[in-house]
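Note sheet for the following structure.
Nothing in this text is a laboratory measurement; each read-out follows from the coordinates by a stated rule. From a predicted model like this one, the values you see are computed outputs, not experimental measurements. Note that we place each Cβ from the backbone using ideal geometry, even for glycine, and neighbour counts take in every protein chain shown.
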Amino acid sequence: MAGPTSTILEASFNTSLQTTGAIGGVILLIMLLAAWLVDRDITGSLGGCAGRWIGWANGDLATAVTGVDRRDEVGDMAPQCGCSRAI
């Protein structure tokens, strides 16, 4: 027996479900954007380091080491790139 109370409860439930879904969708989009930005930063930095190593392997020893001033893992690796060039 569906009365006015069940209709109100169904409407309230549907509103809560839509709100929760919308909030979850926004959080998902924010997390995807953050993951894309982090991926772009890491792959760009490591790709630059690999490009320098390839240049050095081909005899282009004038290529400067960049990223030494970074305060992350890439900044820790950059001085070692310079040591590889000297070998």
Starting from a Cα-only point model with no solvent, please compute log10 I(q)/I(0) by Debye for the range 1-50 at q = 0.28 1/Å. -0.93
Projected onto the charge dipole of the range 4-86 (unit charges on the beta-carbon of Lys, Arg, Asp and Glu, signs +1, +1, -1, -1), the Cα from Ala78, Thr19, Leu37 with the largest positive-side position is that of Ala78
Compute the Rg/Rh shape ratio of the chain: radius of gyration over Kirkwood radius, all on alpha-carbon atoms. 1.53
Given a Förster distance of 25 Å, the FRET efficiency implied by the Cβ-Cβ spacing of Ala34 and Asp76, rounded to the nearest 0.05, works out to 0.65
To the nearest 20 Debye, how big is the dipole of the chain about its Cα centre, given +1 on the beta carbon of each Lys and Arg and -1 on that of each Asp and Glu? 160 debye
When the chain is treated as a Gaussian network with springs between alpha carbons less than 10 Å apart, the largest mean-square fluctuation among Arg71, Arg52, Arg40 is found at Arg71
Over the chain, relative contact order from alpha-carbon pairs under 8 Å, at least 6 apart, %: 18 percent
